[in-house]
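Each remark here refers to the structure printed beneath this line.
Computed from the coordinates by the stated procedures, all read-outs in this text should not be read as laboratory data. Note that the structure is predicted; figures quoted are calculated from it, not measured. Don't worry about glycine lacking a Cβ; one is built from the backbone with ideal geometry, like all the others, and counts go over all protein chains shown.
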Amino acid sequence: MDTILECHSRLGALLGVGAESVDVLRRAEEHRRYWRPERVKVVLLAESHVYTTPEELTRTISLPPSAPAGLPRGFVRLVYCLGYGENRLLNQSIESPKNKGTPQFWKIFYSCANPITANSDFAPIQASTPPAQRIANKIRLLNTLQELGVWLLDASLAALYLPGRPKPDPRTLEACLQVGWDHHVRRVVEAANPAHIVCVGKGVARALGKRLSDTRVPVTVLAQPNARLTSAEHHESFETYYRVVRQANAIPL
């Protein structure tokens, strides 16, 4: 059964006119599956990728020599896509909405693999680092996450956020998360058999409550990375990502 097509049909009915094409969902899934660890230990379960237009879907990525073989070259607004947030890698830049990427998710990735003591620790993957080195650092980080068994999945296969526009109303958003889980993501998580699930956002945990408990996998719930938290609270979240990943890999803290 084509569960992506099934999800697309159901999510399109919820989101209405303007919902992404099924090609966007397949493109995002291609990037996710490329970075799937051989042995998944920690699933990071977020809401969704960011809305990608048909015109943006035509962009291709010029990968550096440091890129691993077979890395997908099609663009989508998903953190796993190296062209997202890096216009210099695209055959044609994206200016509107701006191709800003999601630096907050790169911080999550970085904190899964590295202890964080100050915001300056994220410098290797931020704009302050020269582009070629930053992109090489991102690739190295993604390889490290694979080795650590960390895998990012989205509960909704369709984008729930369009830059510059409000999210769907809470009931629609919750329904999209549940449809994605029921018709695709649950099977993916069960097949991966992780040791731990981290919900990136309390809304994900709230929408999927009993569904997550039915997996019998330990679940940790953390705030969205762009939530209005104090610096101390953000730091606590970064410490939690690091601790969960170390514990799942039986690595001393």
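Please list 3J(HN,Hα) in residue order for the stretch 152-161, calculated via the Karplus relation 6.51 cos²θ - 1.76 cosθ + 1.60 where θ = phi - 60°; whole Hz, with x for glycine and proline.
Going residue by residue, I get 8, 10, 10, 5, 9, 6, 8, 5, 10, 9 Hz, with x marking Gly and Pro.
Provide the descending list of Cα extents for the stretch 1-96 along its principal axes, expressed in whole angstroms.
42, 38, 22
Using modelled backbone amide H atoms (1.01 Å from N, in-plane), which distant-in-sequence or interchain residues come within less than 5 Å of Val150's amide H?
For Val150, the qualifying residues are Lys41, Val42.
For Gln133 and Thr58 in one chain, what is 0.36 nm times their gap in residues minus the Cα-Cα distance, to one decimal in nm?
Length gained between Gln133 and Thr58: 24.4 nm.
Which of Ser213, Ser156, Ser237 ends up with the largest GNM mean-square fluctuation for the chain, with Cα atoms connected below 10 Å?
Fluctuation is largest for Ser213.
Using a cut-off of 12 Å between beta-carbons, work out the net charge of the residues near Leu229 (Lys and Arg +1, Asp and Glu -1, Leu229 not included).
It works out to a net charge of 0.
Rank these for me by crowding, Lys41, Lys98, Lys210, going from fewest to most other beta carbons within 10 Å.
In order of increasing Cβ crowding within 10 Å: Lys210, Lys98, Lys41.
Please list 226-232, 103-109, 14-20 highest first by mean number of surrounding beta-carbon atoms within 10 Å per residue.
On the way: 226-232: 10.0, 103-109: 19.1, 14-20: 15.0.
The peptides rank, most packed first, as 103-109, 14-20, 226-232.
Mind listing the long-range amide H neighbours of Val198? Cut-off is under 5 Å, sequence gap 5 or more, other chains count too, H placed in the peptide plane at 1.01 Å from N.
HN-HN under 5 Å from Val198: Val43, Leu44, Leu45, Thr220.
Set the Förster radius R0 to 22 Å, insert the Cβ-Cβ distance between Arg211 and Ile4 as r into 1/(1 + (r/R0)^6), and round the FRET efficiency to 0.05.
Efficiency, from the Cβ-Cβ distance: 0.70.
With 10 angstrom as the radius, rank Val245, Val219, Val76 by how many other C-beta atoms surround their C-beta, starting from the fewest.
Values: Val245 23, Val219 16, Val76 27.
Final ranking by Cβ density, sparse to dense: Val219, Val245, Val76.
Contour minus end-to-end for Thr144 and Leu229, with contour as 0.36 nm per residue of separation and end-to-end as the Cα-Cα distance? Don't jump to the answer; show the numbers that get you there.
Numbers: separation 85, 0.36 × 85 = 30.60 nm, distance 2.78 nm.
That works out to 27.8 nm of additional length.
Listed highest first by mean packing, meaning other Cβ atoms within 10 Å per residue, what order do 118-131, 192-205 come in?
The packing order, highest mean first, is 192-205, 118-131.
Just from the alpha-carbon atoms, what are the Rg and Dmax of the stretch 107-173 in angstroms?
Rg, Dmax (Cα atoms, Å): 15.6, 43.
Using only Cα atoms, locate the centre of the stretch 88-111 and the centre of the stretch 205-253, then give the distance between them in Å, rounded to an integer.
Centre-to-centre distance over Cα atoms comes out at 23 Å.
Bin width 5 Å, origin at 0, all Cα-Cα pairs of the stretch 187-253: what percent of pairs per bin?
Percent of Cα pairs in each bin: 3, 15, 24, 22, 19, 12, 4, 0.
Considering all projection directions equally, how large on average is the shadow of the alpha-carbon convex hull of the chain, in square nanometres? Walk me through the numbers on the way to the answer.
Numbers: hull surface 52.7 nm².
Dividing the Cα hull surface by four gives the mean projection, 13.2 nm².
Using the count of nearby Cβ atoms within 10 Å as a rough guide to exposure, how do Cys81, Cys112 rank from fewest to most?
Working: Cys81 27, Cys112 22.
Ranking Cys81, Cys112 by Cβ neighbours within 10 Å, fewest first, gives Cys112, Cys81.
Under the Karplus relation 6.51 cos²θ - 1.76 cosθ + 1.60, θ = phi - 60°, what is the ordered set of whole-Hz ³J(HN,Hα) values for the stretch 194-203, x standing for Gly and Pro?
3J(HN,Hα) across the stretch 194-203, in whole Hz: x, 7, 7, 10, 10, 7, 8, x, 5, x.
How much net charge surrounds Asp214 when only other residues with a Cβ under 15 Å from its Cβ are counted (Lys, Arg +1; Asp, Glu -1)?
With Lys, Arg at +1 and Asp, Glu at -1, the net is +3.
Under 26 Å from the Cα of Lys107, which lysines turn up, not counting those fewer than eight places away in the same chain?
Lys107 reaches Lys41, Lys98, Lys138, Lys167, Lys202.
Just to check I understand the Karplus step: with θ = phi - 60° and J = 6.51 cos²θ - 1.76 cosθ + 1.60, what whole-Hz values come out for the stretch 168-174, glycine and proline as x?
My calculation for the stretch 168-174 gives x, 4, x, 5, 5, 4, 4 Hz in order.
Multiply the residue gap between Ser96 and Ala250 by 0.36 nm, knock off their C-alpha separation, and tell me the result in nm, one decimal place.
Length difference between fully extended and current span is 51.0 nm.
Mind giving me the FRET efficiency for Asp169 and Ala69? R0 is 30 Å, r the Cβ-Cβ distance, nearest 0.05 is fine.
Given R0 = 30 Å and the Cβ-Cβ separation, E is 0.10.
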